[in-house]
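Worksheet: one structure, shown below.
Read-outs throughout are calculated quantities, based only on the coordinates presented, and are distinct from any laboratory measurement. In this text the structure is predicted, and so the values were computed from the model without any measurement. Counting neighbours? That spans all protein chains shown, and the Cβs are built from the backbone with ideal geometry, glycine included.
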Amino acid sequence: MALSDLTVRTAKPREKEYKLADGGGLYLLVTPTGGKLWRLKFRVDGREKKLAIGTYPAIGLSDARKRRDDAREVLAAGADPSREKQQAKHRAKVSAANTFGEIANEFLAKRRREGLSASTADKSDYYISRMGPVFARLPIAEIAAPDVLAVLRRIEATGWPLRC
């Protein structure tokens, strides 16, 4: 039997955790401390797996059902939804580590090790420091040509050419 919003809202904690099934493998896990956690039970290659969908009330019943349906589509395509979730989390972490500031500093350090002259390295540092405050924390993949153009125009307005 499918859950109703009222049933989810009024679920009370018990001595032991218990489940309220919704259908299609989706259930609400109610913990003894009063936490309400959405979970999805499914099978991949004959093995039972579980996918954490989120907490109630941050994720409501309709949103949990939508996420269940999305996971079922991934499963129907032959992929493991929990593995896909882990990979997306890893990609986001890697993307966040690849910021303009990190890559620019790494590039300059490499060029210095390769024998870049001190004056050229200083100029590069200067140019990057002028652009850095705007881009330093942005993932490199999110920086587009219009963003670069806007920064260059702002720098140009302060006096071009730049001098070290």
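See the values below:
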{"item": "Within the chain, longest stretch clear of exposed trypsin sites (Lys or Arg not before Pro) (DSSP loop, no more than 11 other Cβ within 10 Å)", "result": "17-162"}
{"item": "Debye log10 I(q)/I(0) for segment 5-79, one point scatterer per Cα, at q = 0.11 Å⁻¹", "result": "-0.28"}
{"item": "Cα-based shape type of segment 100-157, given that a ≥ b ≥ c are square roots of the gyration tensor eigenvalues and the cut on a/c is 1.5", "result": "oblate"}
{"item": "Part-to-part distance (alpha-carbon centres) for segment 56-123 and segment 4-35, which is given in Å", "result": "33"}
{"item": "Segment 32-90: GluC sites (Glu not before Pro) in DSSP coil with no more than 13 other Cβ atoms inside 10 Å", "result": "none"}
{"item": "Value of Rg/Rh across the chain [Cα atoms, Kirkwood radius]", "result": "1.25"}
{"item": "Contour excess over end-to-end distance, with Cα ends at residue 102 and residue 66 and 0.36 nm allotted per residue", "result": "9.2 nm"}
{"item": "Listed residues 142, 102, 114, most fluctuating in the chain (Gaussian network, C-alpha, under 10 Å)", "result": "114"}
{"item": "Spacing of the two label points (7 Å from each Cα toward its C-beta) at residue 77 and residue 136, in nm", "result": "3.8"}
{"item": "Full-stretch length increase - residue 44, residue 149 - with 0.36 nm per residue and alpha-carbon distance subtracted", "result": "32.9 nm"}
{"item": "Degrees, to the nearest 10: 118-135 long Cα axis against longest axis of the chain", "result": "40"}
{"item": "Helix axis angle, 100-113 relative to the chain longest principal axis, alpha carbon, degrees", "result": "50"}
